[in-house]
Amino acid sequence: MNHSNQKKIYEEFQSLAQEELNGALAVIPSDPIHRLLVFIEAIRVLDCWTVSSPKAGREEQQTESYFQIIQWGWNLAAKNLFSSLQNFTGFPLAKSTDQSWAFAQNLLHQFGRSVLMERAAEMIRHGYLVAERNDEGFLVRAVDKMPSQFLDEMEFSRLEALENTLNKPDIESFGEWELFDINDQVFPFDRVGNFLGRNRGKPLSDWERDDIDDLMIPLIHPWDSGHGIMMGYDAIPEVDFHFLAEAIGLVTKWRDEAGIHPSVKLGEINGVDLSMIVTIIVSSYIKHIKFASLAAKERPGISIQQSLTIWKPFKELEQNITDFGEFDQALVRKALTAITVRADEVSMFNEHTPFFMPLLLDLGNGLVLCPISSLIRNPFHSIAILQELRCPENKIRLSDPRENWMRTDLYALFQGTRYQCLDGNIKIRDGNTIITDIDAAIFDRLTGELALFQLKWQDYATNDIRQLRSKASNLTNDLDEWADKVTAWINQNGVKRLANSFRLKLTRSDGFTSCYLFGLSRAAARMHGYGFETHSASLAIANWPQFVRMRLEVGPAERVFRELHQTLRHRMNEAATIQPLSITVQVSGYSVIFDGLWNTCNE
């Protein structure tokens, strides 16, 4: 690699990023109302792509990358287009035309190209991409370590696939596990064997309707707004409760992934209050999406691209949620205010690189926009970021319950009389000096194996290369340092003192046979794709879904922790089995070919 040449291309890419940004800014209207009209049209673009964007087909790869680029452009578009209607009565409704649609979509893509080139420049600078000139522009290739950055992300889909298999009605066992249904309320704990509980039912599944399309189609009607024919529909309880049942499962999963514990206090609301209000909003959004998909087939005169993006008075939304959920109205108002972004707040997101579309946008005159594209990304991530930006202390409030939450989830994987799970965080000392913490510990009474855990819950939802490198470096250093301290302490003090520190109930003097160290990170653990690796020979690392999957697959083995440790150690530095894509992007007159920045997975 010619470093001087890469540095030159890095500088050229930065210049191209600025050129694209300047080009986008140059065409933005100067009048605030006209800017807001473009802003609304940009949301319509994203809303329609959210509903109809292509998925996974080889012939659609270029289109998928286009969608991602316009998502990258959204934050810049919001910063430069979103303005308050404080002195404007009503909603500035304008018909969505081919020209207005193309302008908004091209603007989003140009902003996105600026973000893409800035990100590519940083990846070249840090050695993740290698670029060279050609006759038309540039060829940019991912280096060999790049695919490994996707390992942890792939584990989420692997665990989901396994859980779907276990929940099939005809599956009665898995390895050495005998499966039983938690909802049957017939627990097999009085029988000899190895049992794995599963929850195949959905929350409130009795509310779900097989005939939902037949119920919804008669409710749809056209609405002549005076600026285009839009979609209207009536409401019936059966439809509302159907989508509420769907939303509950989604919201619970999203809330847990984002790390917003039910007990957390954010100002005057807590995690439970927030989840309840968000569930109702999400249910209304997925219901709206379903109505739009049916209208596209059954009511061809309705403009779907104009109908997906809706607005309503804040007080009406507040009253609807209050009545539907039978909530305290003041509580609903506080929760809605907590998740709604105002025009004067968009500048806060300058340093927040991932796609950020809130559930609600305050127009400043009593109206709110309700973008369904807020569901592209887990909306609880956006909610958490918003709370932290408004009040930095909320970052600590959100983090405080997470270690105990993760420990509780971990111990749930090792139930039964075979295991002793230790309460709370345990400190190991040298005299009065604290050496380090043990976040979780599990003793296998059958084999004498002891598993010690360091638990991490970091947020990797960023596209900023420097932030990702810093997080990767910190994680690997922290885990190595922890493993070295624990290993040195055990070598110096012996296992009997460790047993005393942990208050283990050993029935014989030689209760310990072996000790295994695990580093668990909620989202991402294997950092060799970013150039950082753990070096401790005694440490096995995994992200949470990988550890859960390995626990299920290892099953009730003779020596569970030994097998888990060996399997995870073997897979710590594995290569990702992904197929790199070749995507061409036109940037300021150049053709930039990216090989391996976008990828597909055949699992």
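What strands (runs of 3 or more DSSP E) completely inside the stretch 150-230 contain at least 2 residues that are within 22 Å of PHE414 (Cα to Cα) and either acidic (Asp, Glu) or at pLDDT below 85 (or both)? First the steps, then the outcome.
Working: elements: 177-181, 195-198, 220-224.
The qualifying strands (runs of 3 or more DSSP E) are 177-181, 195-198.
For the stretch 252-301, enumerate the residues that are part of a helix (DSSP H, G or I), polar (S, T, N, Q) and within 30 Å of SER521 (Cα to Cα).
Correct list: THR252, SER275, THR279.
All but one of (1) surrounded by fewer than 13 Cβ atoms within 10 Å (Cβ to Cβ); (2) in contact (Cβ under 8 Å) with a residue 60 or more places away in the chain hold for GLU20; state the number of the condition that does not hold.
(1)
Consider the stretch 140-184. How many of its residues are among the basic types (Lys, Arg) and out of contact with any helix residue (DSSP H, G or I) (no Cβ under 8 Å at 6 or more places or on another chain)?
Just the residues of the stretch 140-184 that are among the basic types (Lys, Arg), to begin with: 141, 145, 158, 168.
From what is left, the residues that are out of contact with any helix residue (DSSP H, G or I) (no Cβ under 8 Å at 6 or more places or on another chain) are 141, 168.
Qualifying residue count, the stretch 140-184: 2.
For the stretch 328-367: of the residues being part of a helix (DSSP H, G or I) and among the hydroxyl-bearing types (Ser, Thr, Tyr), which is surrounded by the fewest Cβ atoms within 10 Å (Cβ to Cβ)? Explain how you work it out, then say what you get.
Quick first cut of the stretch 328-367, residues part of a helix (DSSP H, G or I) only: 329-339, 343-351.
Still in the list and also among the hydroxyl-bearing types (Ser, Thr, Tyr): 337, 347.
Values: THR337: 16, SER347: 10.
Looking at residues that are part of a helix (DSSP H, G or I) and among the hydroxyl-bearing types (Ser, Thr, Tyr), I get SER347.
Answer with yes or no whether LEU568 is touching a residue at least 60 places away in the same chain (Cβ under 8 Å) and crowded, with 16+ Cβ neighbours inside 10 Å. Full working, then the answer.
Values: touching a residue at least 60 places away in the same chain (Cβ under 8 Å): no; crowded, with 16+ Cβ neighbours inside 10 Å: yes.
Taking the combined requirement at face value, the residue does not satisfy it.
Suppose we filter the stretch 431-471 for residues that are within 21 Å of GLY416 (Cα to Cα), surrounded by 17 or more Cβ atoms within 10 Å (Cβ to Cβ) and either of a type outside the set (Val, Ile, Thr) or under 17 Å from the mean Cα position of the chain (by Cα) (or both); how many remain?
Final tally of qualifying residues: 11.
Select, from ALA121, ALA94, the only residue that is aliphatic (A, V, I, L, M) and modelled with pLDDT of 95 or more. Spell out how you get there, then give the answer.
Numbers: ALA94 fails: modelled with pLDDT of 95 or more.
Unique residue meeting the criteria: ALA121.
Is it the case that some residue within the stretch 85-99 is part of a helix (DSSP H, G or I), touching a residue at least 24 places away in the same chain (Cβ under 8 Å) and buried (at least 16 other Cβ atoms within 10 Å of the Cβ)? Give the steps one after another, and end with the answer.
We begin by selecting, within the stretch 85-99, every residue part of a helix (DSSP H, G or I); these are 98-99.
Filter once more, keeping what is touching a residue at least 24 places away in the same chain (Cβ under 8 Å): none.
Checked against the condition, which is being part of a helix (DSSP H, G or I), touching a residue at least 24 places away in the same chain (Cβ under 8 Å) and buried (at least 16 other Cβ atoms within 10 Å of the Cβ), the stretch 85-99 yields no hits at all.
Would you check if there is a residue in the stretch 410-429 being part of a helix (DSSP H, G or I), within 30 Å of ALA247 (Cβ to Cβ) and under 21 Å from the mean Cα position of the chain (by Cα)? Even if it seems obvious, please write down each step before you answer.
The first filter runs over the stretch 410-429 and keeps only residues part of a helix (DSSP H, G or I), leaving 410-411.
Narrowing further to those that are within 30 Å of ALA247 (Cβ to Cβ): 410-411.
Still in the list and also under 21 Å from the mean Cα position of the chain (by Cα): 410.
Checking the stretch 410-429: at least one residue is part of a helix (DSSP H, G or I), within 30 Å of ALA247 (Cβ to Cβ) and under 21 Å from the mean Cα position of the chain (by Cα).
Could you grab me the full set of residues in the stretch 368-387 that are modelled with pLDDT of 95 or more and surrounded by fewer than 18 Cβ atoms within 10 Å (Cβ to Cβ)?
Once the filter is applied, which keeps residues that are modelled with pLDDT of 95 or more and surrounded by fewer than 18 Cβ atoms within 10 Å (Cβ to Cβ), the stretch 368-387 yields nothing.
Considering ILE310, ILE289, which residue is over 24 Å from the mean Cα position of the chain (by Cα) and closer than 20 Å to ARG44 by Cβ? Steps first, answer last, please.
Values: ILE289 fails: over 24 Å from the mean Cα position of the chain (by Cα).
One residue alone meets the criteria, ILE310.
The values are calculated or read from the model by the stated rules, or taken from the named source; none is laboratory data. Just so it is clear, the structure is predicted and the values come from calculations on it, not from any experiment. Cβ atoms come from the backbone with ideal geometry, glycine included; neighbour counts cover every protein chain shown.
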